[in-house]
1. Taking the simple approach of a point 7 Å from Cα along Cα-to-Cβ for both ARG88 and SER43, what is their distance in nm?
2. What are the semi-axes of the equivalent ellipsoid for region 59-308, taken as the square roots of 5 times the Cα gyration tensor eigenvalues, largest first, in whole Å?
3. In the Gaussian network model of the chain, springs joining C-alpha atoms below 10 Å, which of PRO38, PRO313, PRO94 carries the largest mean-square fluctuation?
4. Roll a 1.4 Å probe over the protein heavy atoms and report the accessible area of CYS159 in Å², nearest 10.
5. Using Stokes-Einstein with the Kirkwood hydrodynamic radius over Cα pairs, what translational diffusion coefficient do you get for region 1-75 at 25 °C and a viscosity of 0.890 mPa s, in µm²/s rounded to a whole number?
6. Using the Karplus equation 6.51 cos²θ - 1.76 cosθ + 1.60 (θ = phi - 60°), what ³J(HN,Hα) coupling, rounded to whole Hz, does each residue of region 53-60 give in order, writing x for Gly and Pro?
7. Where the eigenvalues come from the Cα gyration tensor of the chain, what are the semi-axes √(5λ) of the equivalent ellipsoid, largest first, in whole Å?
8. Would you rank ASP42, ASP155, ASP108 by solvent-accessible area, highest first, keeping every protein chain in place and using a 1.4 Å probe?
Amino acid sequence: GIKKPFTEVIKANIGDAHAMGQRPITFLRQVVALCTYPNLLDSPSFPEDAKKRARRILQGCGGNSLGSYSASQGINCIREDVASYIERRDGGVPADPDNIYLTTGASDGIATILKILVSGGGKSRTGVMIPIPQYPLYSAAISELDAIQVNYYLDEENCWALDVNELRRSLNEAKAYCNPKVLCIINPGNPTGQVQNRKCIEDVIHFAWEEKLFLLADEVYQDNVYSEGCQFHSFKKILYEMGPEYYNNVELASFHSTSKGYMGECGYRGGYMEVINLHPEIKGQLVKLLSVRLCPPVSGQAAMDIVVNPPIPGEESYSQFIKEKESVLNNLAKKAKLTEDMFNKVPGIHCNPLQGAMYAFPRIFIPSKAIEEAKVHKMAPDMFYCMKLLEETGICVVPGSGFGQREGSYHFRMTILPPVEKLKILLEKVKDFHIKFLEKYA
């Protein structure tokens, strides 16, 4: 009941596009609606290309209903569509539907793969190398499995680039207390928004091949690339192009999802993983492990199908689909640039270019007086900053300490998802707050 100095809370803390006002993609919702309520297949309100896809998905379902369990790996025809999508995306690199597993969002796939990779005890316990800053799913899953988290730092001075020398340092230090077997890469990056170039990916693959590491490529932001000169390269494609010695030996699991991209369909929990070079016996264990949870949500599988099998030129829904898709992505590109430019005008804030994904991870200067006060409140300095920001402006962001950061540096992560006008207001408020914060504690 106490009057606050703001009229609404702006939740810029989580990458939930629809909660931030993004409209659903019409075609995706039409197909899922038709699958959910097949009586609509007779309705003239729905386009033929949507009906065609819905019928195909329903034929793959037990009893022609989304309400039936699917195979644990997912509906066969959807896995075939995923394989075709990967082949198109990667310029003809072959993909086998048998290596595709549909998942409950990408998170479920990542946790499942980690589960089969973790073993041993004491110094032989599996070490999992993750980027710092990282997406907290990784530290949480590693902790839950009682594996060993092995940090490697992204280079903030160099636009959050990944440096193989840093991977080597991290791996060699970790060998003293665990058995590092897994290397996680997030590209485009969350929370940092960098897009890795081809050379960097080749170096990482060579490193994994040399050290016999299992590669996890989290590629859920593959559609979200904004900066001039940046391009998404999948790990699978580069691995293939590096030749048979690499392509037939490096174990790789890559992940995609309905939750990000231009779709933003977080609630459907649709996703897939492609796992290559897995030993046949281990593959058998993976399928067993997936069978425990019966199957991923079938409506989420249907949503994933539309992501990998969208309207094509010549189909009646194509022009509307492309218009909606490009509108979302162009808007995000505009907001990425706006956010970077606005932050870099504020004394005491530095923001690297937001090349991709949907977040900014600016570095903030926190004066020593504020650090002392944070200690009194038993808070990390950036948590103290974020709580003050929330109390004084109603803007909710996440402290950098939640993602990991180099000792003595402070950041916060915020999404760039609010509508442009609201984002401008948000950035102005952050700017005014930061200047006042510096004046108070300097």
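1. 2.6
2. 28, 21, 17
3. Top of the fluctuation ranking is PRO313.
4. For CYS159, solvent-accessible area is about 30 Å².
5. Value of D from the Cα-based Kirkwood radius: 159 µm²/s.
6. Listing the rounded values in order: 5, 4, 4, 5, 5, 5, 4, x Hz.
7. Details: eigenvalues 261, 175, 76 Å².
One finds semi-axes of 36, 30, 19 Å for the chain.
8. Largest to smallest exposure gives the sequence ASP42, ASP155, ASP108.
The values are calculated or read from the model by the stated rules, or taken from the named source; none is laboratory data. Computed from a prediction, not measured in an experiment: that's the story for all the values here. For neighbour counting, all protein chains shown are included, and Cβ atoms are generated from backbone atoms with ideal geometry for every residue, glycine included. These accessible areas exclude ligands, DNA and RNA; they are computed on the full protein's heavy atoms, side chains included. Shrake-Rupley method; radii C 1.70, N 1.55, O 1.52, S 1.80 Å.
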